[in-house]
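Everything on this sheet refers to the single structure shown next.
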Amino acid sequence: METIGFLMEGFAVALTPYNLMFALFGAFVGTLIGCLPGLGPANGVAILIPLAFTLGLPPETAMILLTSVYAGAMYGGRISSILLNIPGDEPAMMTCLDGYPMAQKGRAADALAISAIASFAGSLIGTIGLIMLAPVLARFALTFGPAEYFALFLLAFATLGGITGKNPMKTVIAATLGIMISTVGIDISTGTQRYTGGVLELYEGIDFILAIVGLFAISELLFFVEARMGKGRSKVEVGKLTLTFKEVVSTLPTQLRGGLLGFIAGVLPGAGASLGSFISYTLEKSVLGKKGRFGEGDIRGVVAPEAGNNGAASGALVPMLTLGVPGSGTTAVLLAMLISLNITPGPLMFTQNADIVWGVIAALLIGNVLLLVLNIPMIGVFVRLLSVPPMYLLPIVTMVAFVGIYSISHSTFDLYFMIVFGVGGFILRKLDIPMVPIILGLLLGPEMEKNLGHALILSDGDWTTLWSSPLAIGLWLVAGLGLVLPTVFGPLLRRRMRNAIKEGPVSD
């Protein structure tokens with residue numbers, strides 16, 4: 001009953017006309033960003049962060065806007081997968097397998113409609129799971145001491161690459177870079193300058209908002225300039241909607257299975273939406289067996305991965321809100337936004353900032369309804385965006401990023417620094433070094449250092465305190481598994497995902 005009371009308070013926050021307007025705006029913009037191949041939810045949220053600062057939004061409104069963008073981008077990723085056989089983001093890869101064949105058979109409108117319904121169902125299941133699990137986990141997390149938090153942060157880094165990560169060593173390099181960057185500034189314990197080079201602007205450390213916008217948004221712009229500048233894609237015909245009520249009802253078990261599996265994948269450290277999408281599709285294929293025509297345009301082959309990746313998107317918010325540890329790249333960006341708003345994510349957030357937590361959760365439920373309403377009648381608008389040349393989109397995105405960053409500090413030094421991070425991100429991505437571990441290192445590095453210091457002070461310098469409690473030992477063991485499992489099972493799982501995609505449709 002207590003949870004229902006908090007949720008009602010959350011609805012009171014989310015349903016104010018001001019917050020509802022930004023939820024609608026975020027859902028619409030997020031879908032637009034999601035349907036553009038290559039951008040994805042992490043880039044979408046990173047691009048919109050400067051806008052939140054420019055408008056001077058209160059914390060609850062800013063988080064409602066960004067979580068709506070997140071949810072919208074997860075919806076939008078399916079559009080280019082179905083129409084162009086090009087995933088809008090990685091979790092939408094599995095949607096290509098049956099979505100594109102449906103489009104080739106003249107059922108593009110049906111594929112887009114049923115995928116929107118599946119996205120709604122998956123996200124709804126994931127949000128209900130978030131409502132039920134998050135308060136329980138938050139209460140449990142109150143028992144954590146400095147040693148347990150240090151082990152938890154190690155666990156976050158150990159599982160960072162996920163079981164589908166391509167190269168664990170590059171993930172370690174990226175995380176190390178992030179932690180190194182986080183040490184720049186004045187040490188709060190000793191007052192010693194670290195790696196500032198005498199530059200006054202670096203005394204307070206490097207603002208992770210600058211790093212995020214540079215690494216995600218600016219580097220993505222550079223990729224657009226390199227690969228897709230000038231030409232848009234040819235207009236795609238969607239056709240008429242012929243989806244029947246009977247077909248929708250027949251997919252309900254698939255939606256339920258996909259949403260549950262996706263939520264579990266989102267909560268688990270290192271799993272994420274890509275794995276949730278893959279497992280949902282694979283399970284559905286094995287459950288139906290010869291009854292399905294997977295890879296040839298089976299409607300359930302569209303429903304399963306969409307329910308899975310949207311369920312995982314909500315599941316990834318559980319560790320971020322309750323433990324302060326992001327469950328995905330996008331939640332790492334959302335975590336940075338919370339910290340920049342002087343809000344400490346973790347178990348105490350459910351008591352100290354309950355209006356923000358439950359406002360965001362309520363906004364997810366409202367945003368799902370808004371997204372379903374937007375995505376079916378307005379699909380033509382989103383499809384037309386695919387044919388807009390990037391040369392028209394780039395200046396808008398660039399302007400939002402630069403104006404937003406300048407509005408935070410009114411410092412041209414920050415703009416130069418953002419460009420440096422953008423160029424650095426572009427080079428690192430060329431080397432296949434992931435961006436998310438760098439961001440996580442920047443975010444968690446100071447907290448990791450602080451908890452290590454506190455643990456050693458309380459134990460009078462005894463390092464064994466870091467694994468002295470059963471909980472800490474458990475976290476260390478899971479962290480060890482997080483390092484071993486990707487090496488053992490990762491190549492096998494990636495091979496299966498590649499084989500599944502190769503067996504699917506080939507773009508014209």
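The values are calculated or read from the model by the stated rules, or taken from the named source; none is laboratory data. As the structure is a prediction and not an experimental result, all values here were calculated from the model. When we count neighbours, we look across all protein chains shown, and the Cβ atoms used for this are built from the backbone with ideal geometry, even at glycine.
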Matching residues in the range 301-318 (touching a residue at least 60 places away in the same chain (Cβ under 8 Å) and farther than 16 Å from residue 365 by Cβ) number 10
Checking 92, 109 in turn, the sole residue that is farther than 28 Å from residue 341 by Cα, surrounded by 23 or more Cβ atoms within 10 Å (Cβ to Cβ) and of a type outside the set (Val, Ile, Thr) turns out to be 92
Report whether or not residue 284 is in contact with a Lys or Arg (Cβ under 7 Å, 6 or more places away or on another chain), over 21 Å from residue 153 (Cα atoms) and either at pLDDT below 85 or surrounded by fewer than 24 Cβ atoms within 10 Å (Cβ to Cβ) (or both).
yes
If we take the range 136-232, then helices (runs of 4 or more DSSP H) inside it with 3 or more residues that are over 13 Å from residue 436 (Cα atoms), over 18 Å from the mean Cα position of the chain (by Cα) and at pLDDT below 75 are 219-227
Against the definition (aliphatic (A, V, I, L, M), surrounded by 14 or more Cβ atoms within 10 Å (Cβ to Cβ) and either at pLDDT 80 or above or not in a helix (DSSP H, G or I) (or both)), how does residue 493 come out, yes or no? no
Only one of 266, 329, 311 is surrounded by 24 or more Cβ atoms within 10 Å (Cβ to Cβ), at pLDDT below 80, within 28 Å of residue 138 (Cβ to Cβ) and under 13 Å from the mean Cα position of the chain (by Cα), namely 329
Residue 9 fails exactly one of (1) under 15 Å from residue 365 (Cα atoms); (2) out of contact with any Leu (no Cβ under 6 Å at 6 or more places or on another chain); (3) buried (at least 24 other Cβ atoms within 10 Å of the Cβ), namely (3)
Within the range 94-112, residues being farther than 14 Å from residue 304 by Cα and either among the small types (Gly, Ala, Ser) or part of a helix (DSSP H, G or I) (or both) number 9
Considering residues that are more than 15 Å from the chain's Cα centre (by Cα) and surrounded by fewer than 24 Cβ atoms within 10 Å (Cβ to Cβ), the number found within the range 23-49 is 6
The condition of being aliphatic (A, V, I, L, M), over 19 Å from the mean Cα position of the chain (by Cα) and surrounded by 21 or more Cβ atoms within 10 Å (Cβ to Cβ) holds, among 379, 361, only for 379
Take the conditions modelled with pLDDT of 75 or more, part of a helix (DSSP H, G or I) and at negative phi and apply them to residue 393. Does it pass?
no
| outside any helix (DSSP H, G or I) and either within 16 Å of residue 154 (Cα to Cα) or modelled with pLDDT of 75 or more (or both): does that describe residue 446? | no
Checked against (1) within 30 Å of residue 296 (Cβ to Cβ); (2) modelled with pLDDT of 65 or more, residue 462 satisfies every condition except (1)
Reported set for the range 328-349 where residues are hydroxyl-bearing (Ser, Thr, Tyr) and in a loop (DSSP other than H, G, I, E, B) is 328, 344
Based on this model, can you work out whether residue 290 counts as at pLDDT below 75 and of a type in the set (Lys, Arg)? yes
Taking the range 51-65 and keeping only residues that are touching a residue at least 40 places away in the same chain (Cβ under 8 Å) and either surrounded by fewer than 18 Cβ atoms within 10 Å (Cβ to Cβ) or over 12 Å from residue 356 (Cβ atoms) (or both), one is left with 51, 52, 53, 54, 65
